[in-house]
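A short worksheet on the structure shown next.
The values are calculated or read from the model by the stated rules, or taken from the named source; none is laboratory data. Everything numeric in this text was worked out from a predicted model, so none of it was measured. Backbone-built Cβ (ideal geometry, glycine too); neighbour counts: all protein chains shown. Protein only, heavy atoms only, side chains kept; ligands, DNA and RNA dropped before computing areas. Shrake-Rupley method; radii C 1.70, N 1.55, O 1.52, S 1.80 Å.
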Amino acid sequence: AKAVAPGRFVHYDPGMSEEVEARRRLEVEIRRSLEDGDFLLHYQPVVDVRTGRVVGVEALVRWQHPERGLLSPQAFIPLAEQSGLIGPLGDVVLRAACAEAAGWPGDLKVAVNVSAAQFGNPGLFDDIAGALAAAGLPPQRLEIEITETVLLENEERNVAVLRALASLGVGVALDDFGTGYASLAYLATFPFSKLKIDRRFTGDILAKRECAAIVCSAAALGLSLGLTVVAEGVETAAQLEVLRLTGVTQAQGFLFGAPMPAEAIAGRIGSEVFA
Ligand code: C2E
Ligand code: CA
Ligand code: CA
Ligand code: CA
């Protein structure tokens with residue numbers, strides 16, 4: 001769907017399907033909520049597997065919809081990506097994450113998801129550098145999470161952006177590892193600092209020997225490349241016990257905490273230890 005400029009007149013077409021109409025309405029609502037500041041971040045702790053300490057958080061966007069309550073990303077991120085609104089939304093997310101993280105003690109890292117559509121914006125590097133500067137957050141405390149779809153198009157330009165971010169000190173994590181097709185080739189080409197093993201493998205680590213084998217191999221691969229390796233979606237203590245044997249560096253999941261509001265995460269930082 002084509003983006004409609006703010007304030008531009010949207011004609012009602014009686015032949016338009018309900019679905020198209022619903023999408024157009026949602027797009028208008030996203031625009032309005034960007035102006036009204038209805039998007040906020042929840043944060044999920046990322047824990048060091050050996051010490052049990054919180055070493056970072058992942059910022060996950062939520063939409064406080066004026067009528068429908070708190071919405072999760074799947075309800076609006078795909079449309080934002082298709083309509084071009086992911087640009088302004090992504091900038092809101094980056095600025096909020098950097099500003100909130102700047103207020104936290106220690107060297108805790110904040111990870112922000114950046115979708116492939118955002119890499120279409122030639123100003124992405126400047127936006128990230130600008131968000132860091134505005135918040136006074138050292139680049140070493142920011143990490144961006146990308147999936148390999150970022151790397152499928154404009155490979156040369158995108159690798160240049162990632163290299164520039166890496167040399168600034170920003171971490172680059174490969175998200176949802178194992179769910180795509182070309183991750184191994186990309187691991188050799190792109191300046192990753194972290195590999196996040198997708199939760200579909202972690203979730204079945206006890207139930208399926210195939211998943212255990214994949215987690216073990218992915219962890220060994222990442223570690224041998226000198227990367228930090230994170231297991232996503234850890235829900236039980238039994239999963240964590242097995243993960244410890246794989247060499248995985250960090251873990252994230254409901255076992256340690258679901259995504260929570262900024263005020264709640266601040267209370268968790270540096271204090272709790274999961275043995
Ligand atoms: P993701 O980057 O893979 O984020 C992890 C998702 O897994 C989050 O869902 C999180 O709530 C969920 N999760 C964490 N631990 C567990 C667990 O132990 N069990 C299970 N079943 N789920 C767990 P969420 O917050 O709904 O986000 C969904 C996706 O939306 C994210 O997947 C990410 O791709 C996207 N997203 C979220 N925030 C942003 C954003 O600011 N910008 C962009 N571009 N995408 C975002
Ligand atoms: Ca992520
Ligand atoms: Ca993920
Ligand atoms: Ca995912």
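Listing for the model above:
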{"item": "Any chance PHE125 is more than 16 Å from ligand 4 (Cβ to nearest atom) and either open to solvent by 20 Å² or more (accessible area, probe 1.4 Å) or closer than 25 Å to GLU232 by Cα (or both)", "result": "yes"}
{"item": "Single residue of region 91-144 satisfying the filter (among the charged types (D, E, K, R) and touching a residue at least 60 places away in the same chain (Cβ under 8 Å)) that is nearest to VAL161 (Cα to Cα)", "result": "GLU143"}
{"item": "Every residue from region 32-55 that is within 12 Å of ligand 1 (Cβ to nearest atom), open to solvent by 20 Å² or more (accessible area, probe 1.4 Å) and aliphatic (A, V, I, L, M)", "result": "LEU40"}
{"item": "Residues satisfying the stated conditions in region 191-207, i.e. in a loop (DSSP other than H, G, I, E, B), in contact with a Leu (Cβ under 9 Å, 6 or more places away or on another chain) and either within 16 Å of ligand 2 (Cβ to nearest atom) or farther than 24 Å from ALA164 by Cα (or both)", "result": "PHE192, SER193, ILE205"}
{"item": "Among the candidates ALA166, ALA258, residue that is within 16 Å of the chain's Cα centre (by Cα), surrounded by fewer than 20 Cβ atoms within 10 Å (Cβ to Cβ) and within 27 Å of GLY103 (Cα to Cα)", "result": "ALA258"}
{"item": "Among residues of region 56-98, those that are within 14 Å of the chain's Cα centre (by Cα), small (Gly, Ala, Ser) and open to solvent by less than 20 Å² (accessible area, probe 1.4 Å), counted", "result": "4"}
{"item": "Exclusive hit being part of a helix (DSSP H, G or I), modelled with pLDDT of 95 or more and away from ligand 1 (no atom under 16 Å from the Cβ), set ALA160, ALA220, ALA238", "result": "ALA220"}
{"item": "Boolean, GLU210 is modelled with pLDDT under 95, open to solvent by 40 Å² or more (accessible area, probe 1.4 Å), more than 16 Å from ligand 2 (Cβ to nearest atom) and assigned to a loop (DSSP other than H, G, I, E, B)", "result": "no"}
{"item": "Filter result for LEU195 (at negative phi and more than 14 Å from ligand 3 (Cβ to nearest atom))", "result": "no"}
{"item": "Conditions (1) outside any helix (DSSP H, G or I); (2) among the hydrophobic types (A, V, I, L, M, F, W, C); (3) out of contact with any Asp or Glu (no Cβ under 9 Å at 6 or more places or on another chain); number of the one not met by VAL112", "result": "(3)"}
